[in-house]
Every structure is written in structure tokens, then in C-alpha cells.
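Have a look at the structure below, then the notes.
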Amino acid sequence: MTLVLAERPKERGASSPSASPAPLSPVTMQLLLGQICLDKGKPAEAFSLFEVASRSGDPRALNMLGRAYERGWGVARNPAAACAYFTQAAADGDGWAMFNLADLYLAGEGVPQDIRKAYSLYISAAQNGVSKAFNMLGLIAENGSLPELEPEKAQDFFLVAAQSGDCWGYLNLARNDLSSGRTEAAIKWFSRALEEGFRDVFKALETLLQDHPDPRLRAIAEQASQRSRPATAR
């Protein structure tokens, strides 16, 4: 079974206050405030900040404005508009824009589906420091979508993603280990996904392992179930 990636806990390409000790530029401040608005459930305010920041032409801001259109944050969802902003940011070398544009081509949202183009963009994203792209490359290989890409290569991509600290890489690497009878290795990587994951990862762990005959894997599923519940439900 191939797992479909869900949203990350932090937005793709959002700035981090610890990214640089230098004084923050106005665009960086706008992007940080936009991320804070997203975290607080205020998408309309986030959209306004991303839109203002994008006027600078900064590829990070263009990427986040594209994310707003892709996800429908404070604006009507419009994958075609998202594609336009991602394309512009990717042309300026933004790795996250390459990743997000690849997602659109993989799904055929806002553009005709083109798995080969998605694959090329994920490669570019990985070359520009987006380690999560390796997990997506693994999924493409696993699905057999490209004749020249052997399904066995999926495990190599998942391993690189996991070694880079990607939670979905942990989970998919473990899933492949488990299906190949490497239970101890699978437990190791499932445990890493549990330790470092977030709600969507926890839900995937629960779904995948809750009925497994190995009690150690069922225990991971139970812990994942507990962690996926809203705080008020615990």
C-alpha cells in the first residue's frame, strides 16, 4: 500500500526565526507573521501578509502565496494560480516552490498531470536542499509510474529521506522493511516516526499497524492513536 502524504506541521518554505542571526528583512518578517497567523487559524490575515510580501518578488514569498492559492487560505482555492506563483519562484531557484510545483504536476491540479515533469521537479527540489523530495521520488518509483525507474529504487529514496530526518521517509522505509520481512528494522523506523512525527503521521501509523499480529507494532499503533487525539480528548 502506498501512503499518500498529508500536510506537514510547518508550511513548505515558510521562514524560520532561527534561520539567520542577521536582522530580519521586512519580507522575512511578513512571512513569519503569516506563518503565525496560519498557526493561530487566521488564514485571511496570513493571505494578506503573503500577498504583500510577494510584491517584493522574493521567491519565498511567491511560494507562500502559491501555497495560499493551492490550499485556499483566505482566498478561493485556485491551483492554476498556485502553479503560476510556484513556477515563478522555482525559476528563481526556490527549492520548496519546485517541490510544490511537482506536487501539482503529480496530482494534475491546475496543470495536466505529468509524472515525468513531477519527477524532474522533485529531483531539482532535492538538489536545492528539500530532503522531503526523496520520499516523493520513492513513491513514484514504488508505483512504477516511470518505466525506466525500477520499483526497487523506492527503498533507496526512502532511506535517504529517513536519513535526512523526514517523518514520512521513516514511515515508508519501515513499511517496505515490514513487507520484506525485516521486522526489527521496521520497528526501528516506525519508532522514529512515532517519536518525531505529527498528527497525520500518527494517524498513518495507527491505520497501518493497529491489526498487526506483532504486539510491538500494535503497541506503536496504540501510542500513535493516543498522540493523534486532540488534547481535550486525552
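The values are calculated or read from the model by the stated rules, or taken from the named source; none is laboratory data. What you are looking at is a predicted structure, and each value in this text was computed from that prediction instead of being measured. Don't worry about glycine lacking a Cβ; one is built from the backbone with ideal geometry, like all the others, and counts go over all protein chains shown. Note: accessible area is taken over every heavy atom of the protein model, side chains too, but ligands, DNA and RNA are not part of it. Shrake-Rupley method; radii C 1.70, N 1.55, O 1.52, S 1.80 Å.
Please go through segment 175-199 and pick out each residue that is free of Cβ contacts under 8 Å to residues at least 40 places away in the same chain and either closer than 17 Å to Leu139 by Cα or among the hydrophobic types (A, V, I, L, M, F, W, C) (or both).
Hits for segment 175-199 are Asn176, Asp177, Leu178, Ser179, Ser180, Ala185, Ala186, Ile187, Trp189, Phe190, Ala193, Leu194.
Condition first: among the polar types (S, T, N, Q) and open to solvent by 90 Å² or more (accessible area, probe 1.4 Å). Now tell me which residues in segment 178-203 satisfy that. First the steps, then the outcome.
Taking segment 178-203 as the starting set, the residues that turn out to be among the polar types (S, T, N, Q) are 179-180, 183, 191.
Across segment 178-203, the qualifying residue is only Ser179.
Considering only residues that are polar (S, T, N, Q) and within 17 Å of Gly95 (Cα to Cα), look in segment 43-71 and name the one that is least open to solvent (accessible area, probe 1.4 Å).
As a first pass, look at segment 43-71 and keep what is polar (S, T, N, Q): 48, 54, 56, 63.
Narrowing further to those that are within 17 Å of Gly95 (Cα to Cα): 54, 63.
On the way: Ser54: 16, Asn63: 0 Å².
Filtering first and then ranking leaves Asn63.
What do you reckon, is Ser145 open to solvent by 40 Å² or more (accessible area, probe 1.4 Å) and of a type in the set (Ser, Thr, Tyr)? Steps first, please.
Working: open to solvent by 40 Å² or more (accessible area, probe 1.4 Å): yes; of a type in the set (Ser, Thr, Tyr): yes.
Here the answer is yes, as Ser145 does meet what is asked.
Are any residues in segment 115-165 without any contact (Cβ under 8 Å) to a residue 60 or more places away in the chain and touching an Asp or Glu at 6+ places or on another chain (Cβ under 6 Å), and if so, which ones?
Ser131, Pro151, Ala154, listed by residue number.
Would you confirm, using the coordinates I've provided, whether Glu206 is within 20 Å of Gly169 (Cα to Cα) and either in contact with a His (Cβ under 8 Å, 6 or more places away or on another chain) or surrounded by fewer than 16 Cβ atoms within 10 Å (Cβ to Cβ) (or both)? I'd like the intermediate steps shown before the answer.
Working: within 20 Å of Gly169 (Cα to Cα): yes; either in contact with a His (Cβ under 8 Å, 6 or more places away or on another chain) or surrounded by fewer than 16 Cβ atoms within 10 Å (Cβ to Cβ) (or both): no.
No; evaluated as a whole, the condition is false for this residue.
So which of Leu106, Leu149 is modelled with pLDDT under 95 and of a type in the set (A, V, I, L, M)? Step through it out loud before you land on a result.
Numbers: Leu106 fails: modelled with pLDDT under 95.
Of the residues listed, the single one that is modelled with pLDDT under 95 and of a type in the set (A, V, I, L, M) is Leu149.
List the number of the failed condition for Asn172; all other conditions in (1) in contact with a Ser or Thr (Cβ under 6 Å, 6 or more places away or on another chain); (2) touching a residue at least 40 places away in the same chain (Cβ under 8 Å) hold.
(1)
Filter segment 211-227 for residues that are assigned to a helix (DSSP H, G or I) and open to solvent by less than 40 Å² (accessible area, probe 1.4 Å) and give the result. Steps first, answer last, please.
The first filter runs over segment 211-227 and keeps only residues assigned to a helix (DSSP H, G or I), leaving 215-227.
Matches in segment 211-227: Leu217, Ile220, Ala221, Ala224, Ser225.
In segment 107-132, what residues are surrounded by 17 or more Cβ atoms within 10 Å (Cβ to Cβ) and among the basic types (Lys, Arg)?
Passing the criteria: only Lys132.
Has segment 76-83 got any residue that is touching a Leu at 6+ places or on another chain (Cβ under 7 Å), open to solvent by 30 Å² or more (accessible area, probe 1.4 Å) and either at pLDDT 95 or above or acidic (Asp, Glu) (or both)?
Checked segment 76-83: no residue is touching a Leu at 6+ places or on another chain (Cβ under 7 Å), open to solvent by 30 Å² or more (accessible area, probe 1.4 Å) and either at pLDDT 95 or above or acidic (Asp, Glu) (or both).
Being among the aromatic types (Phe, Trp, Tyr) and in a loop (DSSP other than H, G, I, E, B) is the filter here; which residues of segment 191-210 pass it?
Phe198
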